[in-house]
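Below: the structure, in structure tokens.
The values are calculated or read from the model by the stated rules, or taken from the named source; none is laboratory data. Fair warning: this is a prediction, and the values are worked out from it, not measured in the lab. Methodologically, a virtual Cβ is constructed for each residue, glycine included, from the backbone with ideal geometry; neighbour enumeration extends over all protein chains shown. With ligands, DNA and RNA removed, areas are computed over all heavy atoms of the protein, side chains included. Shrake-Rupley method; radii C 1.70, N 1.55, O 1.52, S 1.80 Å.
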Amino acid sequence: MAKATDTVTVIKKYANRRLYNTGTSTYVTLENLAAMVKRNEEFVVQDAKTGEDITHSVLTQIIFEQENKGGQNLMPIAFLRQLIRFYGDQMQMVIPSYLEQSMSALAREQENWRDQMKDSVGQSPMQLMEAQVRRNTELFRQAMTMFNPFMAGAMPRTEGGRGTESAGGSPDDLAAMRQQIDAMQRRLEEMDKRKPG
């Protein structure tokens, strides 16, 4: 992962929707801003007339455009539906920090994955993938424990905290994990239906 820059660039958004990078004194596009994000370049977007910080809405617009590009969908429909359900819900307060922590954990795992690929002499891609799935499942189980210890019990324990799952893993383990995740999703949907309207 690239090292984040220390300086924060100000991007001005004008009424005609044009974006102006004050750091380079050039007009930029949403694609240019997406590239800046990928390079870990910090920036804020301000309304040129009012000075209001509109970074959140511009980043959301970048995601919307990326999702509309063919074959680049990162957000499954089930996730989007669940996210919409959280708006106005009591859980809305904790969702931003939960998602932020989850994405940080995923970024760390991505770095670990890259390191493992370098050190993976003699291991098949399938073995590496199974190890990654076990780690991700454990991370997800730990995150669920934060919000609902009863739901966390539906997830298998892995690695150091494993229960019935063996350290080696197998296609059967992966199928069992999928079934448990499906069962947990059904429980979440049932709980959502039982909530008073």
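Scanning the stretch 81-140 for residues that are β-branched (Val, Ile, Thr), open to solvent by 40 Å² or more (accessible area, probe 1.4 Å) and at pLDDT 70 or above turns up ILE84, VAL94, VAL133.
Looking only at the stretch 1-25, count how many residues are open to solvent by 90 Å² or more (accessible area, probe 1.4 Å) and aromatic (Phe, Trp, Tyr). So that I can check it myself, show each step before the final result.
Quick first cut of the stretch 1-25, residues open to solvent by 90 Å² or more (accessible area, probe 1.4 Å) only: 1, 3, 6-7, 14-18.
Applying the additional criterion that residues be aromatic (Phe, Trp, Tyr) yields 14.
Residues in the stretch 1-25 being open to solvent by 90 Å² or more (accessible area, probe 1.4 Å) and aromatic (Phe, Trp, Tyr): 1 in total.
Only a single item in (1) open to solvent by 50 Å² or more (accessible area, probe 1.4 Å); (2) free of Cβ contacts under 8 Å to residues at least 12 places away in the same chain; (3) farther than 30 Å from ARG187 by Cα; (4) part of a helix (DSSP H, G or I) is not met by ALA35, and it is number (1). Based on this model, can you work out whether VAL28 counts as in contact with a helix residue (DSSP H, G or I) (Cβ under 9 Å, 6 or more places away or on another chain), within 27 Å of LEU80 (Cβ to Cβ) and either touching a residue at least 24 places away in the same chain (Cβ under 8 Å) or open to solvent by less than 100 Å² (accessible area, probe 1.4 Å) (or both)? Judged against the criteria, VAL28 is not a match. Could you grab me the full set of residues in the stretch 66-80 that are assigned to a helix (DSSP H, G or I), loosely packed, with under 13 Cβ neighbours inside 10 Å and in contact with a helix residue (DSSP H, G or I) (Cβ under 8 Å, 6 or more places away or on another chain)? Hit for the stretch 66-80 is ALA78, nothing else. Taking the conditions exactly as written (at pLDDT 95 or above, more than 30 Å from GLN185 (Cα to Cα) and out of contact with any Gly (no Cβ under 8 Å at 6 or more places or on another chain)), does LYS13 satisfy them or not? Considered against the rule, which asks whether it is at pLDDT 95 or above, more than 30 Å from GLN185 (Cα to Cα) and out of contact with any Gly (no Cβ under 8 Å at 6 or more places or on another chain), LYS13 comes out as yes.
Pairs meeting the criteria (first residue in the stretch 94-105 and of a type outside the set (Gly, Ala, Ser), second residue open to solvent by 40 Å² or more (accessible area, probe 1.4 Å), beta carbons under 8 Å, at least 6 apart or on different chains) are VAL94/PHE147; ILE95/LEU83; ILE95/PHE86; TYR98/MET146; TYR98/PHE147.
In the stretch 45-52, is there at least one residue being without any contact (Cβ under 8 Å) to a residue 24 or more places away in the chain, open to solvent by less than 60 Å² (accessible area, probe 1.4 Å), in a loop (DSSP other than H, G, I, E, B) and over 30 Å from LYS193 (Cα atoms)? Don't jump to the end; show me each part of the working.
The first filter runs over the stretch 45-52 and keeps only residues without any contact (Cβ under 8 Å) to a residue 24 or more places away in the chain, leaving 50-52.
Next, from what is left, pick out any that are open to solvent by less than 60 Å² (accessible area, probe 1.4 Å): 51.
From what is left, the residues that are in a loop (DSSP other than H, G, I, E, B) are 51.
Subset that is over 30 Å from LYS193 (Cα atoms): 51.
Yes.
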